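Below you'll find the structure, written out as C-alpha cells, and then a few comments.
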Amino acid sequence: MAAVRVTVSILICCCLLLPAAVSSYGFPAALKLERVIPANHEMELSQLMARDKARHGRLLQSLGGVIDFPVDGTFDPFVVGLYYTKLRLGSPPKDFYVQVDTGSDVLWVSCASCNGCPQTSGLQIQLNFFDPGNSVTASPVSCSDQRCSWGIQSSDSGCSVQNNLCAYTFQYGDGSGTSGFYVSDLLQFDMIVGSSLVPNSTAQVVFGCSTSQTGDLVKSDRAVDGIFGFGQQGMSVISQLASQGLAPRVFSHCLKGENGGGGILVLGEIVEPNMVFTPLVPSQPHYNVNLLSISVNGQPLPINPAVFSTSNGQGTIIDTGTTLAYLSEAAYVPFVEAITNAVSQSVRPVVSKGNQCYVIATSVADIFPPVSLNFAGGASMFLNPQDYLIQQNNVGGTAVWCIGFQRIQNQGITILGDLVLKDKIFVYDLVGQRIGWANYDCSMSVNVSATSSSGRSEYVNAGQFSDNAAPQKPSMDIVGNTLILLLMVINMFL
C-alpha cells in the first residue's frame, strides 16, 4: 500500500505543476476537472473495463504512433529456421512466443486444453498455455458473433453446434495443422511516439486458442507457442487493429541474417531511400507478386515467363513462415545450371542428398555470382551468394555450401522464404496494395512513418528500443509527448 500512496502523491504533484508549464505550449492556463466515476465509488468492474477500453482506443488513436514487436530467431535451418516474436495476451498478461508468418492470417496460441501440444522448446524459451478462464478480459467468440464471419469467408472457420463456439482448422504447406476455437481478449503492446516509448498499451483482438496440433508443430526442438499470421484477411491482427484505428494498414520487417539473428517488426512503414516497390497481385489469399524473370551475373535465364504467372494457385509468394526458398522445376533447373557454370572453375561441385552443393576453400562472396529477381513495375531484388546458398558444414578449412533454393515438382509456384527475405527491409503496404524492399543491415535502427489522426505523417525511430541497436539521441518532441502522457495519466484518475 505504501507504494500506491507514493505513486499517487507524485501524480498530484504533477497536477499542481502542469498548468503553468502547459500554458507555455499553447494550452489553457487552467484545466477544468470533472468527476466521471460517481462520488460513492460504486461502479461495476465491467463498466470500468468498458470505460478504460474506450479511453485507451481514443488515446492510442490520438497518439498516432508505431507498434513495435521484438524479434528473435534466425533463418539458419541448422540453428533455428524461423523468426518469432513475443506477445502479451490476457489479463493479467502472459507471454507467448509466436512465429512471424506472412503466409497465413490468424494469430493463435496453444490453449490450456490442447491435445499433443509441446511442453518444452529447444529454443530455450518458456512455453505457455492460454487459459480463457484465468483472464478476466477473455470471452469466447460465438457462432453468431459477426467476427466469426471473418474466418468463415476464408474457409478457415466453422461453427460447433454442440457449444456454439466459433471454431477453426488450419493446414499448413509443410503438412502440419492445428484446430481450436476463437477467443477475444486484450493484446498488450508497446507503442513508439516520437522519441518516447508508451509501454503496456492494449487493444481487444480475436485470436485462436489451439486445442490440437499435428506435424512439425508438435516437435519440441524448435517449438513456439503459436503462429502470428500477418495476412490481409479480416481475422489478421493487423486488420483488426487497423479497423479500430489503432494501427496503419502497413507493416514492415527487417530480419537479421547473421550474428544470432533477430531483427525489427513494426506496424508502420519503414522509410528507406533505396526502397523499390512492386504491386501485389489482387484477389489472392497470400502476398503474391509478379515475378517476371531471374538473372544470374546480369544475364536473364531462359525461363518461360508463364512459369511465374499467377493463376489457379500458382505464382510467387512472399512468406516469412517458410525457411528456405522454392522454385518450380522449369525455373529451378536453369537456375542451378547457371550458378554451377559460373563457379565450376573455382569450386568442386558435388551432389548431397539430392541438393547441388559446392566444396570451396575461400569466401563465397569472392566466387559466386550475384542474382536478381525481376518483378513487375521495374523492381529487382538483388541477392548476394548468402541469399541463395546454405552452408552445410566446414571441415579442415574447406566448406560445403548448397543451393538454398529447393525444387517444387508439378507445381507452378515460387515461394520466397527467410533465406531470401533476411538482411532486407520489407514493407507491406496494404492500402497501396504493394510490397517494397531494400537491402539493409538489420542490426541498425530504422525510421518508421505513421499517419497520425491529423492526417500527417510522423517519423519515429523503431530501433532505439531494440537490444540490437545503439541508443539514439532523443529529439525535442519528447517534451511535448511527455506533457501529453502526463495529461493522459491525470485524466485516468478522474
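The values are calculated or read from the model by the stated rules, or taken from the named source; none is laboratory data. All values reported here derive from a predicted model rather than from experimental measurement. When we count neighbours, we look across all protein chains shown, and the Cβ atoms used for this are built from the backbone with ideal geometry, even at glycine. Only protein heavy atoms, including side chains, enter the accessible area calculation; ligands, DNA and RNA are left aside. Shrake-Rupley method; radii C 1.70, N 1.55, O 1.52, S 1.80 Å.
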* Asked: For region 96-105, in order, what is each residue's ³J(HN,Hα) by Karplus, 6.51 cos²θ - 1.76 cosθ + 1.60 with θ = phi - 60°, in whole Hz (x at glycine and Pro)?
  -> 9, 9, 10, 6, 7, 9, 7, x, 9, 9
* In region 197-228, which residues have a backbone nitrogen under 19 Å from the label point lying 7 Å from Q171's Cα in the Cα-to-Cβ direction? -> 211-218
* To do: Hey, can you grab everything whose amide H is under 5 Å from the amide H of Y84? Only 5+ residues off in sequence or another chain; H modelled, so Pro and N-termini drop out.
  => D72, G73, V100
* In nm, spacing of pseudo-spin labels at T340 and K353 (7 Å Cα→C-beta vector) -> 1.9 nm
* In terms of modelled amide H atoms, which long-range or inter-chain residues lie less than 5 Å from the amide H of I408? -> L327, S328, E329
* Asked: With every protein chain kept in the model, how would you rank K353, K256 by accessible area, 1.4 Å probe, largest at the top?
  -> K353, K256
* To do: Pull up all non-local amide H partners of Q392: gap of 5 or more, or a different chain, and H-to-H distance under 5 Å with H placed in the peptide plane.
  => V400, W401, C402
* **Accessible-area order (highest first, 1.4 angstrom probe) of the listed residues H253, H286** => H286, H253
* Gain in length, N200 to Q409, computed as 0.36 nm per residue apart minus the alpha-carbon separation, to one decimal in nm? -> 70.5 nm
* Structure fact -> Neighbours of L324 by Cβ distance under 12 Å: Lys/Arg at +1, Asp/Glu at -1, summed charge -3
* Starting from the residue with the highest accessible area, list I67, I367 in decreasing order, probe 1.4 Å. => I367, I67
* So between N164 and V395, what do we pick up on full extension, going 0.36 nm a residue minus the alpha carbon distance? -> 77.2 nm
* Asked: Along the Cα-to-Cβ line of Q146, 7 Å from the Cα, sits a label point; which residues in region 416-448 have backbone N less than 15 Å from it?
  -> none
* Subtracting the Cα-Cα distance from 0.36 nm times the residue separation, let me have the gained length for V271 to Q433 in nm, one decimal. => 56.6 nm
